[in-house]
1. Tally time: how many residues in the range 135-156 are out of contact with any Ser or Thr (no Cβ under 9 Å at 6 or more places or on another chain) and crowded, with 18+ Cβ neighbours inside 10 Å?
2. Six or more apart or on different chains, Cβ atoms under 7 Å: show the pairs whose first residue is in the range 81-106 and acidic (Asp, Glu) and whose second is assigned to a helix (DSSP H, G or I).
3. Taking the criterion of being modelled with pLDDT under 95 and surrounded by 18 or more Cβ atoms within 10 Å (Cβ to Cβ), would at least one residue in the range 169-180 satisfy it?
4. Give the residue that is modelled with the highest pLDDT, with candidates limited to residues of the range 40-54 that are surrounded by 11 or more Cβ atoms within 10 Å (Cβ to Cβ) and closer than 27 Å to Val155 by Cα.
5. Considering only residues that are at pLDDT 80 or above and of a type in the set (Phe, Trp, Tyr), which ones fall in the range 1-29?
6. Quick one: in the range 23-39, of everything that is among the hydrophobic types (A, V, I, L, M, F, W, C) and assigned to a helix (DSSP H, G or I), which residue is nearest to Tyr94 (Cα to Cα)?
7. Which of the residues that make up the range 118-153 are of a type in the set (A, V, I, L, M), more than 20 Å from the chain's Cα centre (by Cα) and either outside any helix (DSSP H, G or I) or closer than 22 Å to Ala100 by Cβ (or both)?
8. Do you know which of the residues in the range 16-32 that are surrounded by 13 or more Cβ atoms within 10 Å (Cβ to Cβ) and of a type in the set (A, V, I, L, M, F, W, C) is farthest from Glu157 (Cα to Cα)?
Amino acid sequence: MTDKTNDFDVAKALFEQLEHLEKDRQHRIIRWVAESLGITLPTKNVGGTGSSFEADLAAPGTAGARRAQPTDIRTFVENKKPKSDVQFATVVAYYYRFEAPEDQRKESITSDVLQDAARLGDRKRLKKALLTLNNAKNLGYLDSAGRGAFKINTVGENLVAMTLPSQQEESRGSQAGRQKPQKRRPNKK
């Protein structure tokens, strides 16, 4: 856009892109854009009256409403259905960064946090939790946050927020036991 574009035109273009999306996706996209631009979204109204941005997001059925009623790690992992240890590590990092109760939130996780999440989530303990975290970093889901500490990045956020649980897996659940059709071999003449 050019310098001649006024703020209302920019807001209108953004609105048109977001208006037909679900509230959860709208909130997530706005948060990602704000984080990418280094903008901190207001959490309370400066004047003390009316609603705040965060309060508006906490309306029933929105992502903010879920944050108002935090879920436990076990339920969160069960809902996301990670298929591998790397996905599990990414889900745990996401949970502690965005979904955990305020007093339990963490910017980064360690192998001890990951093992504790496995215990709390009634999941088999990882043989080498630090190796799993390094693998998640090497696959691009986590970033290093110091020695032995890892934080989720936007790729990991996308995996957890938008990909897990996979739509294919959910649709396969209703077709349990059904096999993939085999490719036909061309007839030889």
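1. Here the count works out to 0.
2. Short answer, once both residue conditions are applied: Asp85/Thr132; Glu99/Phe76.
3. no
4. In this case the residue turns out to be Leu41.
5. Of everything in the range 1-29, just one residue is at pLDDT 80 or above and of a type in the set (Phe, Trp, Tyr), namely Phe15.
6. Result: Trp32.
7. Once the filter is applied, which keeps residues that are of a type in the set (A, V, I, L, M), more than 20 Å from the chain's Cα centre (by Cα) and either outside any helix (DSSP H, G or I) or closer than 22 Å to Ala100 by Cβ (or both), the range 118-153 yields Leu126, Ala129, Leu130.
8. Leu18
The values are calculated or read from the model by the stated rules, or taken from the named source; none is laboratory data. Given the structure is predicted, the values throughout are model-derived calculations rather than measurements. Heads up, the Cβs are rebuilt from the backbone with ideal geometry, glycines too, and the neighbour counts pull from every protein chain shown.
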